[in-house]
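Notes to accompany the following structure.
Coordinate-derived values only; no laboratory data. All of these numbers come straight from a predicted model, not from anything done at the bench. Note that each Cβ is placed from the backbone with ideal geometry, even for glycine, and that neighbours are counted across all protein chains shown.
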Amino acid sequence: MKLIIEKLNLNRASQEIVSNISFELSAGEALIVTGENGSGKSTTLRGIAGLMPLNDGSIRLLDETGKQFEGEVREYCHYLGHQNGMKPALTVRENLDFWQKFCGEPDLSIEEALDEVDLAHTIDLPFSYLSAGMKRRVSIARLLVSDRPIWILDEPTAGLDAQSVKMFTELCKNFCEGGGILIAATHLPLGIETERTLEIKASN
Amino acid sequence: MTTETIKPSIWAFANPTRFNTFASKAIPVLAIITFALLAVGLWMSFNAPEDYQQGYTVLIMFIHVPAAWLAMMSYAVMSASAIGTIVWRHPLANVSLRSAAPLGAMFTILALATGSLWGKPMWGTWWEWDARMTSVLVLLIIYLGLIALSKAFDEPSEAALPLAVMTLTGAPLLPIIKFSVDWWNTLHQPASVSRFDRPAMSAEFLYPLLIMALAYTAIFFTLHMMAMRNEILSRRIRTMKMQAARKQSSKGAA
Amino acid sequence: MLALLKREILLSIRAGGGALTGVLFFLAVVSVFPFAVGPDTKLLSHLAPAILWIGALLASLLGLDKLFAQEREDGSLDLLVMQPHPLAITIFIKALAHWTMTGLPLVVATPMFGIMLNLSPLGIGATMITLLAGTPAISFIGAVGAAVSVKLPRGSMLISVLVLPLVIPILIFGVAAITGALEDPAPFTAPFLFVCAITLFTSVLGPLAASIMLRHSAD
């Protein structure tokens, strides 16, 4: 499996934000996207996740034989943005259950996924009861409940304490070792062997 | 890094520069045609004979009916521009859509006002919930809603898609609205208001009406082109201001 | 998709009882009318279909502004849009859920309000059927209004202005059908079928238009 990004060019409110980004990632590789505030990290990730119209360039996902996967690349991605994508009025279980069913391809069960992020005890609490860090961990658990070969993470460790960050990098490592492709915008390296870095500079 | 010269902004694709050059040449020509048509049309209108039933009031028809036609044509132009915005993402289409909305609203208001003036001697009231008047009133509300939508966004380019989608959603519903209003009207007032059953309009009415319709169409296109040029220029000013602000702030940082 | 329907319904029950608010609003609108036109039961029973329909129309607009704006705020919209499901279907389900929690309770509450307005049993039946067939169209067209104003922080007023003129046919045919059921020369079937046709038409048009909007709303 190979993710090929070519000459990505993204506009926001008719201003060019990201220009000419190209890279390739194979199964098991991770890319850390760095750059100052406002340099276009989030925009780049959203572009790859299919959430922004491309001004120019292409995003392709090829299998071992070089054949393109069916459908859009975004359908093979998990995206973790600045927001958690959870409803405060629902319990943690209801939230995760919904995303598991809606995304399809169930992987870990909800209990197992919450175990991975050390939140098994919160399963029946409303999401709004959790602290910011715990909320973030629940949305990390969302990545585990259904199986997607690509993770696109925007500041995934925001609000996490040191211990949780360690737990999270461990999860990322496992994901890459299992053949996943990971793209993350973060300030700290994840410590994955196949990790590469892409620095984005503001385009003006 | 080249900062200024070849910024492939949205303008490089749209070629509004070319449009504006064209517009500055076309507008005077269009304006002359408009004035000529309007002069001929009005002269013919005022020389039209009195109607044996309606007397002089029939003359209102020459400014009322074309306004109602144009009110509908503006929506057609907007729908076409909306398709251009959605399918080809052409910024000019969006500019055209935005500029046509107030014109459409203006023709609708004109149709309503002249209709009301016509209604006073005809029906004895300024406003009658007549099927045609009511449909035009609904059309006006739709126009005003679309204008409100286009003004609701801080960034004009962000309004492009919402406006296009809403315009296109309204397009297939307009005939349904028209039909339902006609239905409603026949249901509630079974031919109480004498509507003008036209016994094949005679030539002395038809020709001035057609000339006036042409004149109105010319007015629309002249104003539309002027509005588009203004819109393009004001957006360009906006972009330049933003770039200047950005440059200023980056200078301050350095 | 069932999961989405379940989630939407759970949400509207939990978050301040969306369903109940709709019925309350309906009650408020209906009970304000007699104060305006006087307690003349004959007049009220004559106006009842119109009052019930206007009440339902206004109540159905409630909560439309949150349909996508709230999803956008908490980041769920990105995830909904990314999935392989056709976006129009996702929107259809969301609009359907909106109707289930606003339009449907009104249909259920109609007999009570009908009695208060001195409407005959036949009239109540006709009102329920036309509301059942017609109010979904408001949610479907409303979905477009909600989609185009998804980025506007206070879009609710604008949505009403955009949606109300477009749902006029539903109101006309809905009330005409009730009148047709009650008064002899006027037909019931024709306007009722128009109501059904418009609902079916908008169930395709609305989600499709809204999906174009949400798919390309870059931000």
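Hydrodynamic radius of segment C:1-107 by the Kirkwood approach over all distinct alpha-carbon pairs: 15.4 Å. Pairs of C-alpha atoms in segment A:2-199 farther apart than 20 Å represent 56 percent of all such pairs. Taking Lys and Arg as +1 and Asp and Glu as -1, the other residues whose beta-carbon sits under 15 Å from that of A:GLU199 total +1. Stokes-Einstein diffusion for segment C:40-216 at 10 °C, viscosity 1.306 mPa s, with a Kirkwood radius from C-alpha pairs, works out to 95 µm²/s. For segment C:157-219, the orientation-averaged shadow of the C-alpha convex hull comes to 5.3 nm² (one quarter of the hull surface). The orientation-averaged projection of the convex hull spanning the C-alpha atoms of chain B amounts to 16.9 square nanometres. Of the residues A:LEU45, A:LEU108, A:ILE32, the one whose Cα sits farthest towards the positive end of the charge dipole of chain A is A:LEU45 (charges of +1 on Lys and Arg Cβ, -1 on Asp and Glu Cβ, taken about the Cα centre).
Counts of other chain beta carbons within 10 angstrom of each beta carbon in peptide A:113-122 average 0.
With R₀ set to 35 Å, the beta-carbon distance separating C:ALA197 from A:GLN68 gives a calculated FRET efficiency near 0.25. Largest GNM mean-square fluctuation across A:ALA162, A:ALA113, A:ALA30, computed for chain A with C-alpha springs under 10 Å, falls on A:ALA162. Taking Cα centre as origin and charging only the Cβ of basic (Lys, Arg, +1) and acidic (Asp, Glu, -1) residues, the dipole magnitude of segment A:119-204 rounds to 160 debye. Compare the Cα positions of C:THR41, C:LEU117, C:ALA190 along the charge dipole of segment C:40-216 (+1 at Cβ of Lys, Arg; -1 at Cβ of Asp, Glu; about the Cα centre) and return the one farthest towards the positive end. Of the candidates, C:ALA190 comes out farthest on the positive side.
Peptide B:154-167 is shielded by partner chain Cβ atoms: per residue, an average of 6 of them sit within 10 Å of its Cβ. Please work out whether segment C:109-191 counts as rounded, prolate or oblate from its C-alpha gyration tensor, where a ≥ b ≥ c are the square roots of the eigenvalues and a/c under 1.5 means rounded, while otherwise a/b larger than b/c means prolate and anything else oblate? Since a/c reaches 1.5 and a/b is larger than b/c, the shape of segment C:109-191 is classed as prolate.
Measuring how big segment B:35-161 is from its alpha-carbon positions, Rg and Dmax come out at 17.7, 56 Å. For the pair B:ILE33 and B:THR186 in one chain, pulling the backbone fully straight at 0.36 nm per residue adds 50.9 nm over the alpha carbon distance. Over all directions, the projected convex hull of the C-alpha atoms in the protein assembly as shown averages 35.7 nm² in area.
Computed on the Cα atoms alone, the convex hull of segment C:55-108 gives a volume of 67 cubic angstrom per residue. Mind telling me which of B:VAL138, B:VAL65, B:VAL29 comes out most flexible in a GNM of chain B, alpha-carbon contacts under 10 Å? Looking only at B:VAL138, B:VAL65, B:VAL29, the largest GNM fluctuation is found for B:VAL29. Charges were assigned to the Cβ only: +1 to each Lys and Arg, -1 to each Asp and Glu. The resulting dipole of the protein assembly as shown about its Cα centre is roughly 1840 debye. Here the label points at C:ARG154 and B:THR17, each 7 Å from Cα along the C-beta direction, are separated by 4.2 nm in the simple model. Counting every other Cβ atom within 10 Å of each residue's Cβ, A:SER109, B:SER150, B:SER180 order from fewest to most as A:SER109, B:SER150, B:SER180. Pairs over the 23 Å Cα-Cα cut-off, from the set A:LYS41/B:LYS241; A:LYS2/A:LYS101; A:LYS41/C:LYS151; B:LYS120/C:LYS42: A:LYS41/B:LYS241; A:LYS2/A:LYS101; B:LYS120/C:LYS42.
In chain A, Cα pairs under 8 Å separated by at least six residues give a relative contact order of 31 percent.
Between B:ARG246 and C:LEU24, the FRET efficiency from the beta-carbon distance, with R0 = 41 Å, is close to 0.25. Of A:ASP124, C:ASP74, the sequence from fewest to most neighbouring Cβ atoms within 10 angstrom is A:ASP124, C:ASP74. Were the residues from B:SER234 through B:ARG132 laid out at 0.36 nm apart, the gain over their Cα-Cα distance would be 33.0 nm.
Each label point was placed 7 Å from the Cα along the Cα-to-Cβ direction; for A:ASP115 and A:HIS187 their separation is 3.5 nm.
Between B:ALA218, B:ALA227, B:ALA203, the Gaussian network model of chain B with springs among Cα atoms under 10 angstrom shows the greatest mean-square fluctuation at B:ALA203. The stretch between A:LYS7 and A:TYR129, if pulled fully straight at 0.36 nm per residue, gains 39.6 nm over its current Cα-Cα span. Taking the centroid of alpha carbons for each part, segment B:99-122 and segment C:28-102 are 32 Å apart.
The separation of segment C:130-199 from segment A:38-102, counted between C-alpha centres, amounts to 36 Å. Each of B:ASN47 and C:ASP184 was given a label point 7 Å from its Cα along the Cα-to-Cβ line. The distance between the two points is 6.0 nm.
Across peptide A:87-95, the mean count of Cβ atoms from other chains lying within 10 Å of each residue's own Cβ comes to 4.
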